[in-house]
Amino acid sequence: MKRWWLSLLLPLTLFALDGRSVYEKKCAGCHKLYVPAEELMANFLEHNNTLLHLEAPTVNQLAYRLKQQIGDPKGDKDVQLMEVAAFVHEYVLAPDRQKSVCMPEVMVHFETMPSLKGKITDEELEAVAEWIYWYTPPQKVAGALRFVDFEAAKKEAKATGRGIMIEVTSPTCHYCKKMERTTLADPEVVAAVTHSFVPVRVDVSKERLPEGLSWSLTPTFFFLTADGRLFKTVPGAWVKEDFLQILHEAKGAM
Ligand code: HEC
């Protein structure tokens, strides 16, 4: 990390160049914008890049790795942004795989990036780096499960003749996150849950489970009647087909 870049970069933020259009003109030929993380992992770790045939890391990959690997991920965002901008500046002008922030398993699939020296200005680099830093993947909000707290769920379940499904989760639970991104975000699963149950999500790092329930692993799914009687407990993370079957059985047992 060369400190002198920091002082050089500060005044450049005054120029309001549109980072997105710089990306489209100078980077998009090689760096695709967005591929969901699960697809990227499957492509690189299981299919040797034969699914997506990517030539370079995607922007969502870059944004994620740069924020994770450079500076202090938990520190001041403006400071980290300057550090990331300095890294991108240097990398684009003098690509050096030794300095790569991407996973080695991913990098083996790429040629070394050609230097853009003389083809891009400092202002453009600053703008594109800032745009990459703040890039956020599109959110799937439409049709997502709508979680409510337990007291609200009891009322809603009673009023609509449904049961209650409690998902036990925690911030460090990798399989919870994976299932939340995949199975629980799937439109068919969302429809099946919503049809028969009111969903409640309990983060056990922050709150206790209602009705004296106890858990031993995350995720765990508890199915209860509207008046709070537990009738089915399902520990573990599930793929769509299996979880649809579980929902079907839970509905039958209610
Ligand atoms: C001709 C294709 C090409 C173009 C154009 C290109 N890149 Fe790259 N870039 C690559 C490839 C391939 C890699 C991965 C291999 C490597 O790091 O050398 C890469 C890697 C990177 C990395 C480093 C990733 C890491 O692991 O540390 C950054 C940052 C980056 N590019 C930014 C940019 C930006 C910003 C632009 C546009 C201004 C751009 N690139 C334009 C092909 C390209």
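Among the residues making up the stretch 138-197, those that are part of a loop (DSSP other than H, G, I, E, B) and among the small types (Gly, Ala, Ser) are ALA142, GLY143, ALA144, GLY161, SER170. Of all the residues in the stretch 152-183, those that are farther than 20 Å from GLY252 by Cα and either surrounded by 20 or more Cβ atoms within 10 Å (Cβ to Cβ) or touching a residue at least 60 places away in the same chain (Cβ under 8 Å) (or both) number 9.
So for the stretch 92-103 (the condition being assigned to a helix (DSSP H, G or I), touching a residue at least 12 places away in the same chain (Cβ under 8 Å) and in contact with a Lys or Arg (Cβ under 9 Å, 6 or more places away or on another chain)), does at least one residue qualify? Yes, that holds for at least one residue. Take the residues in the stretch 53-91 that are in contact (Cβ under 8 Å) with a residue 40 or more places away in the chain and among the acidic types (Asp, Glu); name whichever of them is nearest to the ligand (Cβ to nearest atom). For the stretch 53-91, the residue satisfying everything is GLU55.
No lab work stands behind these numbers, since they all come straight from the coordinates. All values derive from a computational prediction rather than experimental measurement. So basically every Cβ, Gly included, is an ideal-geometry build from the backbone, and we count neighbours across all protein chains shown.
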